[in-house]
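Single-structure report; data block below.
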Amino acid sequence: MIKLFSLKQQKKNDEASPNSGPRKKAMTAAQLRITKDINELNLPETCAMQFANPDDLLDFKLIVCPDEGFYKGGRFVFNFKVGPNYPHEPPKVKCETQVYHPNIDLEGNVCLNILREDWNPVLTVNSIVYGLQYLFLEPNPVDPLNQEAAKVLQTNRRQFENNVFKAMLGSYIGETYFERCLK
């Protein structure tokens, strides 16, 4: 775990000694906060994180593998991009795995209230992880991005379950082809 106090002390020490070698670029507020969020992250067993560049904590992937519900056995990858105004603005989150879901459209946009109007700077990456995990346990047809999936969920739960499974196997639902995402 990185201690923020030690980072601040190290910065003061580096500034005090001008002959300490090449200067490191100062961490931004967003970088400090995301470092803290990731250090305090309590990932459930059904989730994992991947960093393309371990030195860049502002761009990473979250893999969600639900172990219950409609999406049990699936593997869904979300891309997180943390902007310079974090935590005052939420990260941009897109689902890279095309999924038949009322709250995730076919372009990967995610309808999760804490990523929009209910975002608050006290929320963390941990909050988003649990929010995404909850979307797979309890899809919300009342506030949909994928209208067709929401309508099927509201009117014919068994058909919705069949469509989800068929999509995860790698098949067409209507005109849309979904690539296999079952583990």
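The values are calculated or read from the model by the stated rules, or taken from the named source; none is laboratory data. Bear in mind that the values here come from a model prediction, so they are computed numbers and not experimental data. Here the Cβ positions follow ideal geometry from the backbone for every residue, glycine too, while neighbour counts run over all protein chains shown. The accessibility values were calculated without ligands, DNA or RNA, using every heavy atom of the protein model including side chains. Shrake-Rupley method; radii C 1.70, N 1.55, O 1.52, S 1.80 Å.
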Exercise. Test Val64 against the criterion of being under 20 Å from Tyr134 (Cα atoms), touching a Lys or Arg at 6+ places or on another chain (Cβ under 6 Å), of a type in the set (A, V, I, L, M, F, W, C) and modelled with pLDDT of 95 or more, and give yes or no.
Key: no
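Condition check ((1) out of contact with any Gly (no Cβ under 7 Å at 6 or more places or on another chain); (2) within 24 Å of Thr46 (Cβ to Cβ); (3) modelled with pLDDT under 95; (4) not hydrophobic (A, V, I, L, M, F, W, C)) across all residues:
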residue: Tyr134; (1), (2), (3), (4): yes, yes, no, yes
residue: Glu138; (1), (2), (3), (4): yes, yes, no, yes
residue: Pro141; (1), (2), (3), (4): yes, yes, no, yes
residue: Gln147; (1), (2), (3), (4): yes, no, no, yes
residue: Arg157; (1), (2), (3), (4): yes, yes, no, yes
residue: Met168; (1), (2), (3), (4): no, yes, no, no
residue: Tyr172; (1), (2), (3), (4): yes, no, no, yes
residue: Glu179; (1), (2), (3), (4): no, yes, no, yes
Quiz item: Quick check: is even one residue across the range 74-83 at pLDDT 95 or above, open to solvent by 70 Å² or more (accessible area, probe 1.4 Å) and within 23 Å of Glu117 (Cβ to Cβ)?
Solution: yes
Self-check item: Check on Asn42, modelled with pLDDT under 95 and polar (S, T, N, Q)
Solution: yes
Exercise. Go through the range 129-164 residue by residue and tally those that are touching a residue at least 12 places away in the same chain (Cβ under 8 Å), under 15 Å from Phe70 (Cβ atoms) and crowded, with 17+ Cβ neighbours inside 10 Å.
Key: 14
Self-check item: Residue list for the range 77-114, restricted to those being within 16 Å of Leu62 (Cα to Cα) and either of a type in the set (Asp, Glu) or over 10 Å from the mean Cα position of the chain (by Cα) (or both)
Solution: Val82, Pro90, Glu96, Thr97, Gln98, Val99, Ile104, Gly108, Asn109, Leu112
Exercise. Quick one: in the range 30-68, of everything that is without any contact (Cβ under 8 Å) to a residue 24 or more places away in the chain and not in a loop (DSSP other than H, G, I, E, B), which residue is most open to solvent (accessible area, probe 1.4 Å)?
Key: Gln50
Quiz item: Among the residues of the range 109-120, is there at least one that is closer than 15 Å to Ala150 by Cβ, in contact with a helix residue (DSSP H, G or I) (Cβ under 7 Å, 6 or more places away or on another chain), buried (at least 17 other Cβ atoms within 10 Å of the Cβ) and in contact (Cβ under 8 Å) with a residue 40 or more places away in the chain?
Solution: no
Exercise. Answer yes or no as to whether Tyr100 is in contact with a helix residue (DSSP H, G or I) (Cβ under 8 Å, 6 or more places away or on another chain), modelled with pLDDT of 95 or more, over 15 Å from Leu32 (Cα atoms) and of a type in the set (Ser, Thr, Tyr).
Key: yes
Quiz prompt | Tyr177 being in contact (Cβ under 8 Å) with a residue 60 or more places away in the chain and open to solvent by 70 Å² or more (accessible area, probe 1.4 Å) | solution = no
